[in-house]
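Below is one structure, written out as C-alpha cells, with a few remarks after it.
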Amino acid sequence: MLGRQNRNQEDLFIYAPVSSLIPDDHILKRVDKFLNLSWLREELKDVYCSDNGRPGIDPESVVRLMLAGFFEGIVHDRKLMRQAQVNIAMRWFAGYRLDETLPDHSSLTKIRQRWGSERFKKIFLKTIQSCIEAGLVNGDTVHIDATLIRADVSWESLTTEYAEKVIAENQDITDCKPKKRSTTDPDATMATSKQSYRLEPSFKQHGAVDDKCGVIVDVDITTGEVSEGSQLPEQIERIESNTGKTIETITADAGYAHGNNFQFLEDRDIDAVIPTQKQSSKSDCISKSKFKYDAKNNIVKCPVGKILKPYNPGDNGTIYRACQKDCERCKLREKCFGLSAKAKTIKISPYEESLLRARRRHKNPDDKFIQAYKRHRFKIEGMHGEAKQMHGLRRAVRRGIENMKIQAYLTAAVINLKRLASFATGLFKDILTILLEILLSSLNLVRIKSA
C-alpha cells in the first residue's frame, strides 16, 4: 500500500526530551559527556561587571556554539547562527530550548574581542588535560611540524609601500628588496611551502601531536615568514608544560634540522628523529662536506689532507683558514675557492659536532628512526590535513594574529574532543576487548593441545 505523510500538520507539543531526538552516536552527544566548562564563569569575572548592566550571554553556551560550528566545519558566525537556528543537536549542545532566541552573530565577535586569545588557549589546554586523564597521552614521543594558513586578504591589498618607507628611512640598507605586505592585515606575511609555489600572505601554525592517540599537545601561531626550526626550543618547553611529562623522542622534518636544535635536544637527553638537510653546493665547487672537522684537535682537514687552523673565533662560529702556500700549490685550487682569495677559509658552527652526529644517523638510520619517522608522516601531517579539510583551517576566517590564534585554539580543541569521544567512549575499549579475547582463546587452544 502506498503511504502518505501529512506534512501540513504541525505539532503544538512534543512529549519527549530534546536529547531523545538526537542519535546517540552523534558527535555532539558523544563529546558532551567529556566537555566540562564549569570553570569558565570564574575565569571571566574580570571582564564582566558583577553588579551593573544587562545579563550577558552565558559564556559556556557561547563556547559550545563555537565548538559545534567547528565540528561541522562552520567557521563564519552568520552561517553558524543560521545553522543553529534549525539544528536541534546544536541547540541542545549549547543549552538552548527549541523556542528560545539565539544570540545575534555580532555578539560572538564582541565576545572574542572581550575575552582575548589567552582564554581560548585555556579551553584548548583543558582538552589536553582531559585527554591525559583518559589515558590518551603518553608524552614520551611527540611529532611536531608547521603548516601555512592563507590570510583573509585579497591580492589587491598587497603593497610594498611599508617596506619602501622602512628602506628609505634606513639609508645604510643597500641590498634589501622591498617585500609585499597586506594593508588590510599587516600581521600576515608573504610565505610559501615550496619554491615552485608563489608567495601568499599567510600565517604559520606550529603544532605538536602525541604519538599514542594523535592528541594535539601544543599549538602556536606566528607570521608566515617565521622559520619553524627557530621555534623548536620554545615549543619543547610548552609541550612539557602542557602535558606535565618529559619528552623522550621528538620527530620533525628537515626544516628543523639546525645544529643548535640538535645540540638543544642532546642537552635535554631527547632522541631527535629529524632527517638532515641536503648540503647544497655548486656543481663546479668542492662541497663543504669534503672538509673534515676534528673537534678534539680543533682543526679542519681539506680533501687533500692539508690543515686549516682557527684564526677568528666568534659566537656564531669559528673561521678556519688554510696556509697560503698550501693553497697556491694545490691542484684543486680552482674548484675550492674564488680567484680573488689567497687561501681557503671555512666557517664551523659551534653546534657542528651535534650536526655531524645527526647526519651520520640519517645516513645509516636504525629501525627506531625509520619507524618513528613513518608515524610522524601520518600523525602530524594527518592532523594538519584534518584541520584544514574538515574544520576550516585552510584559510583564516578573520584578520589579525590574535583572531588567527583563537581559530587555531578552537580547531585544536575540537580535534582533541573528537579523539576523546572516539577512544574513551567504547571504540578503543572494544578493540582492547577483542585483542584480549583473541589472546585468551589462543591460550585455551594451547591448553587443549597440551592436554
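Read the figures in this text as sums done on the coordinates, not as results from a lab. Since the model is a prediction, treat every value here as computed from it, not as a measurement. All Cβ positions, glycine included, derive from the backbone under ideal geometry; neighbour counts span all protein chains shown.
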Exercise. Could you give the angle, 0 to 90 degrees to the nearest 10, between helix 401-424's Cα long axis and the longest principal axis of the Cα atoms of the chain?
Worked result: 70 degrees
Exercise. Along the principal axes of its C-alpha atoms, what lengths does the stretch 288-350 span, in descending order and rounded to whole Å?
Worked result: 31, 22, 19
Exercise. Cα axis of helix 352-363 to longest principal axis of the chain: angle in degrees, 0 to 90, nearest 10?
Worked result: 70 degrees
Problem set entry | DSSP-defined antiparallel bridges as percent of all bridges, the chain, nearest 5 | 85 percent
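Just the number, please: Stokes-Einstein D of the chain in µm²/s, Kirkwood Rh from C-alpha pairs, 10 °C, 1.306 mPa s.
Numbers: Rh = 26.6 Å.
D, rounded to a whole number, is 60 µm²/s.
State which entries of Lys292/Lys331; Lys245/Lys292; Lys79/Lys388 exceed 27 angstrom in Cα-Cα distance in the structure shown. Walk me through the numbers on the way to the answer.
On the way: Lys292/Lys331 19 Å; Lys245/Lys292 39 Å; Lys79/Lys388 18 Å.
Violating the 27 Å limit, Cα to Cα: Lys245/Lys292.
Sort 222-230, 152-160, 16-24, 269-277 by packing, meaning the average of other beta carbons within 10 Å per residue, with the highest value first.
Values: 222-230: 17.2, 152-160: 14.0, 16-24: 11.2, 269-277: 19.1.
Highest mean packing first, the order is 269-277, 222-230, 152-160, 16-24.
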For this session: Among the aspartates and glutamates, select those whose C-alpha is under 19 Å from the C-alpha of Lys179, and discard any that sit fewer than 8 residues away in the same chain.
Result: Asp152, Glu156, Glu161, Glu164, Glu169, Asp187, Glu200, Glu225
For this session: Mind grabbing the base-10 log of I(q)/I(0) for the stretch 212-312 at q = 0.17, 0.19, 0.24, 0.25 Å⁻¹? Debye formula, identical points on the C-alpha positions, no solvent, two decimal places.
Result: -0.93, -1.05, -1.34, -1.39
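Could you please rank Asp218, Asp315, Asp145, placing first whichever residue has the fewest other Cβ atoms within 10 Å of its Cβ? Spell out each step's value before the answer.
On the way: Asp218 25, Asp315 6, Asp145 22.
Starting with the residue having the fewest Cβ neighbours, the order is Asp315, Asp145, Asp218.
Show that you can apply the helix-only estimate: for the chain, add -39,500 (n - 2.57) for every DSSP H stretch of four or more residues, divide by all residues, and state [θ] at 222 nm to the nearest 500. Write down the numbers at each step before the final one.
Numbers: 16 runs with 192 residues, N = 451.
Only helices count here, giving -13000 deg cm²/dmol.
Remind me, what semi-axes does the stretch 18-72 give for its equivalent ellipsoid, largest first in whole Å, using sqrt of 5 times each Cα gyration tensor eigenvalue?
Values: eigenvalues 157, 27, 21 Å².
So the three semi-axes of the stretch 18-72 are 28, 12, 10 Å.
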Exercise. Given 0.36 nm per residue, what is the gain on full extension from Ser227 to Cys323 after removing their alpha carbon distance, in nm?
Worked result: 30.8 nm
For this session: Could you point to the residue in Ala146, Thr246, Leu102 farthest towards the positive end of the chain's charge dipole, with +1 and -1 charges on the Cβ of Lys/Arg and Asp/Glu respectively?
Result: Ala146
For this session: Would you mind giving the average projected area, over all directions, of the Cα convex hull of the stretch 18-115 in nm² with one decimal?
Result: 6.7 nm²
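So for Met81, Met90, Met390, fewest C-beta neighbours within 10 Å to most, what's the order?
Numbers: Met81 20, Met90 25, Met390 16.
In increasing order of surrounding Cβ atoms, one gets Met390, Met81, Met90.
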For this session: May I ask you to sort Phe423, Phe203 by Cβ crowding, counting other Cβ atoms within 10 Å and putting the fewest first?
Result: Phe423, Phe203
For this session: Express in nm, to one decimal, how much length is gained between Thr183 and Asn316 on full extension, taking 0.36 nm for each residue of separation and deducting their alpha carbon distance.
Result: 44.3 nm
Problem set entry | Directionally averaged shadow of the stretch 292-425, computed from the convex hull of its alpha-carbon atoms, nm² | 15.0 nm²
